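Remarks on the structure that follows.
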Amino acid sequence: MSSAVESRRASPAIVSPSTACGGSGCYQVAAVVSDVLERLLRETSREGMVRVEDAIKILKLVGRGTYELDVAFEAQEKNCRQRFQPGRGKASSRDNPFRRLMVRPFETLLTGEPPPYSRAFLGNYFDVLEAAYGEKYGEYDRHARAILQNLLVVHGHNLGWETFYAEARASQILAHALRRLLRFLEGPAGQRAWLQFMSRPAPTGERPHAEQVDRIRDVLGHTMRGFEVAPSQQTGTA
């Protein structure tokens, strides 16, 4: 049984490169899991029967991962990250407005050939955000989605991200979230999270340079100082 099972670990997976994030994309990954299980069970069966002990071994083997599943999950992760990248197209209710909002301060660093900061590293930054906000992350996400939905009602399919970014309520979320993030990064836990996540290599194997990571933090700090200066400027001119 073990030789037949192990032979499948090197089998190539058939995964559509157009797999979407969530929904049908996740079902496609589940289909790969089902396909691997079915073929291993058929290989192990004797006269159409499989011993419970053998079935348990197969389940544990699949749980540890196979080549096919590694490819499927890696492809799905890549598509999810691509979907959540900030862009200049039209906004949609399927997008992640809070993540886009939190990337807004350094969005220009993601352009160019090569860009100052690779989009492949955005997942690292998002992990820092989740560590910084904890349960508050869900609240930020809900507020951002509510604002986006409200703007979609007004603008319909013509809604662009620049309109969302310019919305006063979105700016308030960004300012509040940045303040909380930078405060978190000042403490030991935040420093460890920043070092751990931001220095992690991307799924492509590409590793961020210290200068790139420092530049992101500098931009976040400059953006926060801009929010702090704006109210006083408005007061002085009133």
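The values are calculated or read from the model by the stated rules, or taken from the named source; none is laboratory data. Keep in mind the model is a prediction, meaning the values are calculated, not measured. No Cβ is skipped: glycine too gets one built from the backbone with ideal geometry, and neighbour counts run over all protein chains shown.
Here are a few things to note about the model shown:
- Among residues that are touching a helix residue (DSSP H, G or I) at 6+ places or on another chain (Cβ under 7 Å) and at pLDDT 75 or above, V5 is not included.
- Looking across region 201-210, the residues that are under 16 Å from the mean Cα position of the chain (by Cα) and under 12 Å from L122 (Cβ atoms) come down to A202, P203.
- From the options L61, L109, L40, L69, residue that is outside any loop (DSSP other than H, G, I, E, B), under 30 Å from E162 (Cβ atoms) and either touching a Pro at 6+ places or on another chain (Cβ under 9 Å) or modelled with pLDDT of 70 or more (or both): L109
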